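Colleague: Starting off with a structure, shown below.
Please treat every number below as a calculation from the coordinates, not as lab data. What you see is a predicted model, and the numbers here were worked out from it, not measured in a lab. In this analysis, Cβ positions are derived from the backbone assuming ideal geometry, glycine residues included, and neighbour counts consider all displayed protein chains.
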């Protein structure tokens, strides 16, 4: 083996939106705080809270990959399996330079709450590799993915732990992951093993409606909020931070409702256009160039200017901890709809609510992705293929039910929508633990 190790990594101190990441931001601690607050409101037994406070398993893997230039680089991968009382672990694989163990723990626990809120027979998991995928070739990304999945081995499986796309990964990543699993661990049952991951390309066992699912679920929640508030979406404006899968589909779907995207940003920079961007042309530009940077329409602005743009709806669809105190004070909007996980810090959320700005919390607002991933998993296990209309209809029914439960719980407990969503999820988990007890 070539012993020349070349860690072609980027600095973990920069976020995917070009902003300095907060030093030592305790994302897992933040999620734990929400858990404790909701647990007190639903009077969760101490032993159940103790179980849900930590993951069942934390897997860390170091593995070598030969790069295109012949050198070998070491990579660090994680897989956190938080809870499986409702069913197999479920959660994305993230490729990003800032991936950490505690962040994966936070995201895995949030997946447990999402699956319970959406009443899915799945638990929470999350994983990733600490590296910047933009610095590697397509062939290198394939080798990195296959080597990671091979290293995970039987720690994942269609009835045990089911990864999906996340930041820095996509359908192609899932196709490599599924093929690697099928040809190693799952070689005795190739067909059923397709369900080891979701978010796959359609021809490789994916489902219609999965690429847009997270954005679609978010837009459903925005619609329900608008109906509740008597707010007309036709002619409204939106600013979107992060223009990957969630951001781009949210923009396109909102445009069909008459909402104009007037500001957008990602790791490359930020743009403003009072007359609005064409979401499809911008998506094509990002697909070809990797960023909104250089898009000919719109005026380049700073991150600080972006957060001061007056708009009706603000969609953070990048990484966690993007809306802190300064951003919350600067935002001039009616609604923050969380397309990302944990985009608001607790202090930022407090300021937004004090200013009368509504928040659609991540646990509810971006749960369309895992819901349609569940539909894909069901189709794989049943060897079925559903129509787009069937997937869309099921998703809308599920999102409406979860939205109503969340808002009703928030009213009953006199709390925020975020804690209301947690309360709904924890009540189901409490019931299951009470029925099943602790073995032995």
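Colleague: Multiply the residue gap between residue 437 and residue 384 by 0.36 nm, knock off their C-alpha separation, and tell me the result in nm, one decimal place.
Modeller: The residue 437-residue 384 span can extend by a further 15.6 nm.
Colleague: Between residue 40 and residue 66, what is 0.36 nm times their sequence separation minus the Cα-Cα distance? Round to one decimal in nm.
Modeller: Difference between extended and current length: 4.3 nm.
Colleague: For the range 343-440, just say rounded, prolate or oblate: build the C-alpha gyration tensor, square-root its eigenvalues into a ≥ b ≥ c, call rounded for a/c under 1.5, and beyond that prolate if a/b exceeds b/c, oblate if not.
Modeller: Working: a/c = 2.43, a/b = 1.37, b/c = 1.77.
Oblate shape, in that a/c is at least 1.5 and b/c is the bigger or equal ratio.
Colleague: Set the Förster distance to 41 Å, then compute FRET efficiency between residue 411 and residue 172 from the Cβ-Cβ distance, nearest 0.05.
Modeller: Efficiency for this residue pair is about 0.40.
Colleague: Among DSSP beta bridges whose residues both lie in the range 61-184, state the antiparallel percentage, nearest 5.
Modeller: 55 percent
Colleague: Quickly rank 339-347, 146-154 as a protection proxy: mean count of other C-beta atoms within 10 Å, highest first.
Modeller: 339-347, 146-154
Colleague: How many percent of DSSP beta bridges within the range 213-365 run antiparallel, rounded to 5? Write down the numbers at each step before the final one.
Modeller: Numbers: 7 of 23 bridges.
The antiparallel fraction comes to roughly 30 percent.
Colleague: Moving on. Compute the Rg to Rh ratio over the range 114-203 from the alpha carbon atoms, using the Kirkwood formula for Rh, and round to two decimal places.
Modeller: Values: Rg = 13.2 Å, Rh = 13.7 Å.
My calculation of the ratio gives 0.97.
Colleague: At what distance in angstrom do the alpha carbon centres of the range 281-326 and the range 161-237 lie from each other?
Modeller: 23 Å
Colleague: Suppose a student asked you for the relative contact order of the range 54-204, using Cα pairs under 8 Å spaced at least 6 residues apart; what percent would you report?
Modeller: For the range 54-204, the relative contact order is 24 percent.
Colleague: Give the percent of DSSP beta bridges with both residues in the chain that are antiparallel, rounded to the nearest 5.
Modeller: 45 percent
Colleague: Note down the Stokes-Einstein diffusion coefficient of the range 309-382 in µm²/s, whole number, using a Kirkwood radius over alpha carbon pairs, 10 °C, and 1.306 mPa s.
Modeller: 121 µm²/s
Colleague: Find how much the distance from residue 347 to residue 302 grows on full extension, using 0.36 nm per residue of separation minus their present alpha carbon separation; answer in nm with one decimal.
Modeller: Using 0.36 nm per residue and subtracting the Cα-Cα distance, I get 13.9 nm.
Colleague: Could I ask something else about it? Taking just the C-alpha trace of the range 213-365, give me its Rg and Dmax in Å.
Modeller: 13.9, 41
Colleague: Report relative contact order for the range 213-365 in percent, whole number only (criteria: Cα-Cα under 8 Å, sequence separation at least 6).
Modeller: 21 percent
Colleague: So, one more: Which of 408, 304, 354 moves the most in a Gaussian network model of the chain with Cα springs under 10 Å?
Modeller: The residue that fluctuates most here is 354.
Colleague: Given contacts defined as C-alpha pairs under 8 Å and at least six residues apart, what's the relative contact order of the chain, whole-number percent?
Modeller: Once normalised by length, the contact order is 16 percent.
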